[in-house]
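Heads up, the thing below is written out as C-alpha cells.
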Amino acid sequence: MSPASPDQTDRFSFGTPAHRAFLCNDAARQFRCFDASLRSAPGYHVLALDGSPLPDTVQELHSTTRLVHSYALGKLAGHPGSEAMVDQGMAYLWQHHRDREHGGYLWALDGDRIHDDRKLAYGHAFVLLAGASALNAGHPDATRLIDDVWTVLDTRYWQEDHGLFADEWNRDWTPFSTYRGMNANMHATEALLTAHEATGREEFLTRAGRILDFFVNKMAASENNRLPEHYTEDWQIDRAYGGDPMFRPAGTTPGHSFELARLLLQYWDLTGQSGTTLPLQARALTSRALQDAWNARDGGFFYTLNFDGTPAVRDRYWWPVTEAIGTLASFLKLEPNDEDAQWYNRLWAFADRHFIDHENGGWFPEIDAKGQPAAKQFNGKPDIYHSIQASLFPLASGISRQASGLGGLL
C-alpha cells in the first residue's frame, strides 16, 4: 500500500481533475481485479485477497447479483469485458438461483446443487437491483428478471399494512421466522429507486417512499437520528436482538445511516426536489453517524454502536467508508461546503492508505488495530459492489440516475 503524501491531497479533493483521474484509475483497477471472477463454468469465482479464485465454489445470491449490478455500471462506464460478466450473472440468476419449483430465488448454490435454500428479502432486493442495472445497460433479459422478482417481492414479502418488506421464508414459503429488519428494507429501497429509474414505473418510487418514511420519520426521529437494525413481527424495535455478529449485529450500524441518507437524497431528487425537509433529514443521519462512529484516534468507522451511540464492535471495515464517501459526494454535488469537502478528503486519504489494494486492485475488506489488512471476518475480497460505487458515483453529475452519467469514463 502506498500512502498519500502531503502534496498529493488534491487527488482526494472532490471535483478536481486530479481526483477525477484518481477515481477513474481506481475503478479501472477494481474491474481488472474482479474480471477474474468469470468462470468457464456457470456462475462466478469468489476471489482471494490477491485476486486469484478461491477453491470454494459456493455462490451466494447477493454475490451473484452485486457482480451483475457492478459490471452493468462497468459496461456503462466503458470497461472492456463487462458485457460478458453481466451475461454470466444474468444466466446464473435465471437458470440456477431461480427456484423453478416454488418460485423466488435460492440463497446459495454449489454449481448445480442447492447449498442453502432459504428465501431472503435481502437477496431478492439485490435481484431487483441487478435486473434494473442490467436494464440500464441494455441487457435483453433484464425486463424478464425485473418482472419475475417483483412479483415475488410484492406477493410474498410486502406488508401493505406496514409499508415494509418481511424478511425470510423457507424454500416452500412456509414461515422461517418472525424477524423483521432494516437492512433488507434499505436495500429494497435502493433496488426500487434504481428500478424506477430504469423503467419509469411509479409503483417502485411509491414503495421506496413508504419504506423511507418509516425509518426516517418514525425510527430516526425517535432515536436521535440513529437507526435501529432489528424489529419484532409487528415492527417494534427489538433492543435485545443479537443475531449473526457479522450480518445482523446487535444495536445500530452507522454505515447503514450513510446508505439510507444517500438513498433519501436520491428519492428527493427523483420526486422533484420538493422542499428542504428530506435533505435536512439526510444531513441529520449523516452528521450523527460521522460524530458517533469515526475513530478519532486511528481513523475509520466503528462497525456497530450501542443505542446511545457509544462504540460496540470496534472493528473497521471498508464498506462504511465507501458509503460515507458516496453520501458526502451527493451533498457536495447539491451544495458544496468546506466541512463536507474536508470529510470527503479525509475518507479518501484513509481509504488510500488502508483499504485500497494498490498492487492487486480492489479493496481490502477489513483492517486490524494497526491499520493493516486482516482476515478476521471475511475470506478474500467479498465483492466489488461497495467500493466500485465509491469510485464511480462521485464522477456522475447527479444525485439520482447516476448510472446514466458514467458514459465512457473508463
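The values are calculated or read from the model by the stated rules, or taken from the named source; none is laboratory data. All values derive from a computational prediction rather than experimental measurement. Positions of Cβ are backbone-derived with ideal geometry, glycine not excepted, and every protein chain shown enters the neighbour counts.
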If you take the residues in the range 292-321 that are within 18 Å of the chain's Cα centre (by Cα) and in a helix (DSSP H, G or I), which one is surrounded by the most Cβ atoms within 10 Å (Cβ to Cβ)? Trp318
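Say whether the condition of being at pLDDT below 95, assigned to a loop (DSSP other than H, G, I, E, B) and more than 28 Å from Thr151 (Cβ to Cβ) is met by at least one residue in the range 252-264.
Applying the first criterion (at pLDDT below 95) to the range 252-264 yields none.
Within the range 252-264 (the criterion being at pLDDT below 95, assigned to a loop (DSSP other than H, G, I, E, B) and more than 28 Å from Thr151 (Cβ to Cβ)), the answer is no, since none of the residues qualifies.
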Trp235 - would you say it is closer than 17 Å to His124 by Cα and either modelled with pLDDT of 95 or more or buried (at least 22 other Cβ atoms within 10 Å of the Cβ) (or both)? no
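Which is assigned to a helix (DSSP H, G or I) and surrounded by fewer than 17 Cβ atoms within 10 Å (Cβ to Cβ), of Asn224, Asn217?
Asn217
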Exactly one of Ala208, Ala184, Ala134, Ala191 is farther than 20 Å from Tyr105 by Cβ and crowded, with 17+ Cβ neighbours inside 10 Å, and that one is Ala208
For residues that are more than 14 Å from Met182 (Cα to Cα) and more than 15 Å from the chain's Cα centre (by Cα), scanning just the range 247-269, find the one that is surrounded by the fewest Cβ atoms within 10 Å (Cβ to Cβ). Asp269
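Quick check: is even one residue across the range 67-78 in contact with a Gly (Cβ under 7 Å, 6 or more places away or on another chain), within 17 Å of Pro382 (Cβ to Cβ) and either β-branched (Val, Ile, Thr) or assigned to a helix (DSSP H, G or I) (or both)? Give the derivation first.
Kept after step one, since they are in contact with a Gly (Cβ under 7 Å, 6 or more places away or on another chain), are these residues of the range 67-78: 67-68, 76, 78.
Right, trim to within 17 Å of Pro382 (Cβ to Cβ) and you get 67-68.
From the residues that got through so far, the ones that are either β-branched (Val, Ile, Thr) or assigned to a helix (DSSP H, G or I) (or both) too are 67-68.
Within the range 67-78, one or more residues are in contact with a Gly (Cβ under 7 Å, 6 or more places away or on another chain), within 17 Å of Pro382 (Cβ to Cβ) and either β-branched (Val, Ile, Thr) or assigned to a helix (DSSP H, G or I) (or both).
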Where Ile367 falls short, out of the listed (1) more than 17 Å from Pro382 (Cα to Cα); (2) crowded, with 19+ Cβ neighbours inside 10 Å; (3) more than 18 Å from the chain's Cα centre (by Cα): (1)
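Sort out which residues of the range 94-108 are of a type in the set (A, V, I, L, M, F, W, C) and in contact with a strand residue (DSSP E or B) (Cβ under 7 Å, 6 or more places away or on another chain), and write them in order of number.
Here is the first cut: in the range 94-108, the ones of a type in the set (A, V, I, L, M, F, W, C) are 94, 106-108.
Passing the criteria: Leu106, Trp107, Ala108.
Being more than 22 Å from Asn25 (Cβ to Cβ), assigned to a helix (DSSP H, G or I), at pLDDT 95 or above and aliphatic (A, V, I, L, M) is true for just one of Ala341, Ala289. Which residue is that?
Working: Ala341 fails: more than 22 Å from Asn25 (Cβ to Cβ).
Of Ala341, Ala289, the one residue that is more than 22 Å from Asn25 (Cβ to Cβ), assigned to a helix (DSSP H, G or I), at pLDDT 95 or above and aliphatic (A, V, I, L, M) is Ala289.
State the number of residues belonging to the range 344-370 that are in a loop (DSSP other than H, G, I, E, B) and more than 21 Å from Ala28 (Cα to Cα). Before you say what the answer is, go through the steps one by one.
So the first thing to find is which residues in the range 344-370 are in a loop (DSSP other than H, G, I, E, B), and the list is 355, 357-362, 364-365, 368-370.
Filter once more, keeping what is more than 21 Å from Ala28 (Cα to Cα): 368-370.
Matching residues across the range 344-370 total 3.
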Only residues that are out of contact with any strand residue (DSSP E or B) (no Cβ under 9 Å at 6 or more places or on another chain), outside any helix (DSSP H, G or I) and surrounded by fewer than 22 Cβ atoms within 10 Å (Cβ to Cβ): list them for the range 138-171, please. Gly138, Pro140, Asp141, Glu160, Asp161, Gly163
Output the number of residues of the range 22-32 satisfying the condition of being surrounded by fewer than 20 Cβ atoms within 10 Å (Cβ to Cβ) and under 18 Å from Pro382 (Cβ atoms). 2
Go through Ile146, Ile211 for me and flag whichever is of a type in the set (A, V, I, L, M), farther than 29 Å from Leu290 by Cα and at pLDDT 95 or above. Ile146
